[in-house]
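I have placed the structure first, in the form of structure tokens, so that the comments after it can refer back to it.
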Amino acid sequence: MSTPDLPHHPHPAAQPAFPPFPAPASPAPTADRDRRAWIAPTVATVLLLVLGPAALLLGGLSAMATDSCGPDDCSQALETALSLIYGTLFFGSFLTFGAWLTSWVLPWTRRWSALRAWLAVAALLPPVFVLLLVFTLPQG
């Protein structure tokens, strides 16, 4: 009587101690990592939560500055200021969002710290400009 050929299972102690392929190594924390990278985007976010709606509301209401002079008899300075306000509200929103988002998604290393801070400041410029124009509207 012959014994059937069974698959060979070596004794567990006979197997190698390490797997045949090395396990992927997790990246070691580097000294280049910026631990304060979150500060500039966070400050910009908090300020934009206040400045953005204020600029949108007051910029939208700035058309009422033409109520006393009518749409045809207003000064050229007032018309120019209103055009700047509405242009900045529209086109500046793209600049604000792009700069704000980029300040968050840049790599959090020291190499990008200065650019991250400048982008956070650039994100604030359009709403600040709109508010400045609204509060200094010329006479109609």
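Distance between the modelled labels on residue 105 and residue 36, one decimal in nanometres: 2.6 nm (7 Å Cα→Cβ projection).
Taking the Cβ of residue 37 as the centre, find all other residues whose Cβ is under 13 Å away and add up their charges (Lys, Arg: +1; Asp, Glu: -1). Charge balance in the 13 Å sphere: +4.
Considering all projection directions equally, how large on average is the shadow of the alpha-carbon convex hull of region 96-140, in square nanometres? Please list the in-between numbers first.
On the way: hull surface 13.8 nm².
Averaged projected hull area, Cα only: 3.5 nm².
The alpha carbon centroids of region 106-135 and region 79-98 are separated by 16 Å.
Read-outs throughout are calculated quantities, based only on the coordinates presented, and are distinct from any laboratory measurement. Just so it is clear, the model here is predicted, and its values are computed rather than measured. When we count neighbours, we look across all protein chains shown, and the Cβ atoms used for this are built from the backbone with ideal geometry, even at glycine.
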